[in-house]
């Protein structure tokens, strides 16, 4: 997580202190890397498309989803540090980290390309974010109790991410950001179902 510390403002620092919204599928990134609006400028002296093709909804989506993802990664790290971790929980935590870290960087790159701040000014509440107390409970929990708590917290975290992503789908302009939002909705809704099923077996 240290490599994102430079991006931290008050809002992002708070999110890291809590710490994602995990998306258990790498499919979120499918087709994103080839988009000129996300990665490259148009030819000649024209302005890069990434600067022009975004609106306020796109900016807010990226600025809010970054700390949301950051917290999911931290929650996953908390679990991966525990001994005797359930293999299914371990895989879930690893999948979340693998999906979210590249997305954090991608959204940061978008904001930079759009000449927008990488974090929102002020304190903006985000659905599904855990409090310091929530994370302290997760850190101290062990065994099955930790697994149940992690799943319960991550389900709520995913539900918050889905809400934010749905807002971007309806209000966003940037094609790459809207595509990512759609992928987050589909992948995290599926993962919520998987986590609910797993929770029922513990």
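The values are calculated or read from the model by the stated rules, or taken from the named source; none is laboratory data. Since the model is a prediction, treat every value here as computed from it, not as a measurement. Cβ: placed from backbone, ideal geometry, glycine included. Neighbour counts: every protein chain shown.
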* Please work out if residue 134 is within 16 Å of residue 59 (Cβ to Cβ), surrounded by 16 or more Cβ atoms within 10 Å (Cβ to Cβ) and at pLDDT 95 or above. => no
* Residue within the range 32-43 that is outside any loop (DSSP other than H, G, I, E, B), within 12 Å of the chain's Cα centre (by Cα), within 15 Å of residue 177 (Cα to Cα) and at pLDDT below 95 present -> no
* Asked: Somewhere in the range 88-104, is a residue modelled with pLDDT under 95 and either on the phi > 0 side of the Ramachandran plot or part of a loop (DSSP other than H, G, I, E, B) (or both)?
  -> no
* **the range 138-174, residues that are within 18 Å of the chain's Cα centre (by Cα), more than 30 Å from residue 86 (Cα to Cα) and surrounded by fewer than 20 Cβ atoms within 10 Å (Cβ to Cβ)** => 166, 167, 169
* Asked: farther than 22 Å from residue 179 by Cα and either touching a helix residue (DSSP H, G or I) at 6+ places or on another chain (Cβ under 8 Å) or not in a loop (DSSP other than H, G, I, E, B) (or both), is that true of residue 83?
  -> no
* To do: Kindly list the number of the only condition in (1) on the phi > 0 side of the Ramachandran plot; (2) over 14 Å from the mean Cα position of the chain (by Cα) that fails for residue 135.
  => (1)
* Do you know which of the residues in the range 130-165 that are in a loop (DSSP other than H, G, I, E, B) and out of contact with any helix residue (DSSP H, G or I) (no Cβ under 6 Å at 6 or more places or on another chain) is farthest from residue 202 (Cα to Cα)? -> 131
* Asked: Filter the range 45-80 for residues that are surrounded by 15 or more Cβ atoms within 10 Å (Cβ to Cβ) and part of a loop (DSSP other than H, G, I, E, B); which is modelled with the lowest pLDDT?
  -> 48
